[in-house]
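The values are calculated or read from the model by the stated rules, or taken from the named source; none is laboratory data. None of the values given here were measured: they were computed from a predicted structure. Here Cβ is always computed from backbone atoms with ideal geometry, including for glycine, and neighbour counts include all displayed protein chains. Areas reflect the complete protein model, heavy atoms only, side chains present, ligands, DNA and RNA absent. Shrake-Rupley method; radii C 1.70, N 1.55, O 1.52, S 1.80 Å.
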Amino acid sequence: MTDLLDIQPLTKTAFAPFGDVIEADPATMRYINGGTTERFHALATAEAAGEGAHVIINLFRGQPRAFPYEIGMMERHPFGSQSFSPLSGRPFLVVVSEDQDGKPGKPQVFLAHGDQGVNYRRNVWHHPLLVLGQSSDFLVVDRDGPGDNLQEHFFETSYTISEPAL
């Protein structure tokens, strides 16, 4: 038996307990390079805790998932944040949970548009990348360095996501 999860729009307010939405925010815009470039400043902060830790930039190529999709596990990174910014301009799903005594609670599902990214704060439970439709590339900023920066939790009863309406 599974529990059906609703998909909600990705907004800064709704996602705030888990991290940052990375998107062009007019409130942060300033002109640079002689007025030829709009800079949307400080949209998220990368975290890298621990001796010898540093922030790295990666390219992830995610494969699309089939729906309905079962959420059977969540992961978190205790020593660093992790951001995902789509390079292919395609929507994707973001699944996060609040921590409940060291385990993820009931997941929340957000539909991110192709011009939105997310930055999961350090220690936030989230599901691995959920690509929709076709293979998509993401610029990923996260922590590298010593220590076990991955914790996984497998649910006794999975949750189900129906195919999102795009």
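Just a few scattered comments:
- Working note: Cα gyration tensor of region 3-79, eigenvalues times five, square-rooted, sorted largest first, giving semi-axes of 30, 21, 14 Å.
- Accessible area of D148 in the full protein assembly, 1.4 Å probe (Å², nearest 10): 110
- FRET E, pair D6, S88, Förster distance 25 Å, beta-carbon r, rounded to 0.05: 0.45
- Over the chain: helical MRE at 222 nm, DSSP H runs n ≥ 4 each giving -39500 (n - 2.57), nearest 500: -500 deg cm²/dmol
- Nearest-10 value in Å² for the accessible area of E163, using the 1.4 Å probe: 140
- q = 0.13, 0.23, 0.25, 0.29 Å⁻¹, region 110-166: log10 I(q)/I(0) [Debye, one scatterer per Cα]: -0.49, -1.29, -1.37, -1.47
- Accessible surface, 1.4 Å probe, highest first, among residues H54, H153, H126: H54, H153, H126
- The simple Förster model, with R0 at 35 Å and r as the Cβ-Cβ distance, assigns D99 and T36 a FRET efficiency of 0.20.
- Dipole-positive endmost among L129, P68, I32 within region 3-161 (Cβ charges, Cα centre): I32
- Cα centroid separation - region 76-144 against region 1-73, whole Å: 7
- Ordered from largest to smallest accessible area (heavy atoms of protein chains, 1.4 Å probe), the residues I71, I57, I32 come out as I57, I32, I71.
- Computed with a 1.4 Å probe over protein heavy atoms only, the accessible surface of region 23-166 comes to 53 Å² per residue.
- For T37, the accessible area of its heavy atoms, probed at 1.4 Å with every protein chain present, is near 50 square angstrom.
- With the biggest extent put first, the Cα atoms of the chain measure 59, 42, 28 Å across the principal axes.
- Descending semi-axes in whole angstrom, ellipsoid equivalent of region 55-102, from the Cα gyration tensor: 21, 19, 9
- Cα-centred dipole magnitude for region 3-161, charges only on beta-carbon of K, R (+1) and D, E (-1), debye, nearest 20: 400
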